[in-house]
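Undergrad: Sending over a structure as structure tokens; questions will come in a sec.
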Amino acid sequence: MQIAKFERGLKDRVAIVTGAAVGNGHAFCERLAEEGAKLIIADVRDSAATVQHVRDAGGEVTSVVADLTKPEDADVVAATAMEKYGRIDILVHNVGVYHEEPFELLSFAEWKRTFEITLDTLFLTIRAVLPYMKKAGFGRIITFSSDTVWLGTPYLCHYVSAKMAVIGLTRSLASEIGKYGITINTVSVGLTATQSAAEGSVSTTMLKHIIPAQAVHRADEPEDIANVVAFLALPASGIITGQTINVDGGVARH
């Protein structure tokens, strides 16, 4: 694949992608680079594989190792984008954690950890980039929830609660920032083939049960989600904000 083959709807735009080291985040980086975006990618892990993949395809990317539960790390990510490129157009916030536990066995520490990683990182990262977007009069913020919020999936009270909170933040903030030319939308996703492979036999078994329940009878791929992310990042999507777009093959039909 060579990036030059694609229409570059995001040419000269700068995108921050968090949680970019593997899986869906890796796919988001590839797709945004295809559209011409310059990337700042952030993860608590080393993102060398994503960096190399994007560069091999002709994209421009800078990596930052960051723990986004820390305000100072979120600020460093934003500052790196400004120092490197002088602007921040897009934030794709892909940080999260998944852990099944019956409610009565769920520790308060695990409950707090789920909200810290899912919601606190989102708050801190948006807070870090928003002043630059407001000054520029343009911004695209893309957050992530889960189709479990529509399905009421058991053993995930902590996860579902945090992911529903992401939707609430997205809707409320959309009302505040639209006047500055900034949109914020949530992509609600199901279990992807990449997640299944990464998480082992339990997720593989889950995927086999989920696919027959979908309206589209095939596994969700990271590229399916990345295409929606790319659309929401485009200048042409500027009238869409405060929305939740469900991408799970039609498991949840709401």
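Undergrad: Pairs under 9 Å by beta carbon, first residue closer than 10 Å to K38 by Cβ in segment 52-63, partner basic (K, R) and buried (at least 20 other Cβ atoms within 10 Å of the Cβ), six or more apart or different chains?
TA: Sorted first by the residue in segment 52-63, then by its partner, the pairs are G59/K38; E60/K38; V61/K38; T62/K38.
Undergrad: What strands (runs of 3 or more DSSP E), lying completely within segment 1-110, carry at least 1 residues that are of a type in the set (K, R) and modelled with pLDDT of 95 or more?
TA: 38-43
Undergrad: Against the condition among the β-branched types (V, I, T), assigned to a loop (DSSP other than H, G, I, E, B) and modelled with pLDDT of 70 or more, how does V228 come out, does it pass?
TA: For V228, the condition - among the β-branched types (V, I, T), assigned to a loop (DSSP other than H, G, I, E, B) and modelled with pLDDT of 70 or more - is not met.
Undergrad: Enumerate the pairs (first residue in segment 66-94 and within 17 Å of G139 (Cβ to Cβ); second residue anywhere and basic (K, R) and buried (at least 24 other Cβ atoms within 10 Å of the Cβ)) with beta-carbon separation below 8 Å, excluding pairs fewer than 6 apart on the same chain, so at least 6 apart or on different chains.
TA: Pairs found: D89/R140; I90/R140; L91/R140.
The values are calculated or read from the model by the stated rules, or taken from the named source; none is laboratory data. As the structure is a computational prediction, the values presented were derived from the model and not from experiment. Every residue, glycine among them, receives a Cβ derived from its backbone with ideal geometry; neighbour counts consider all protein chains shown.
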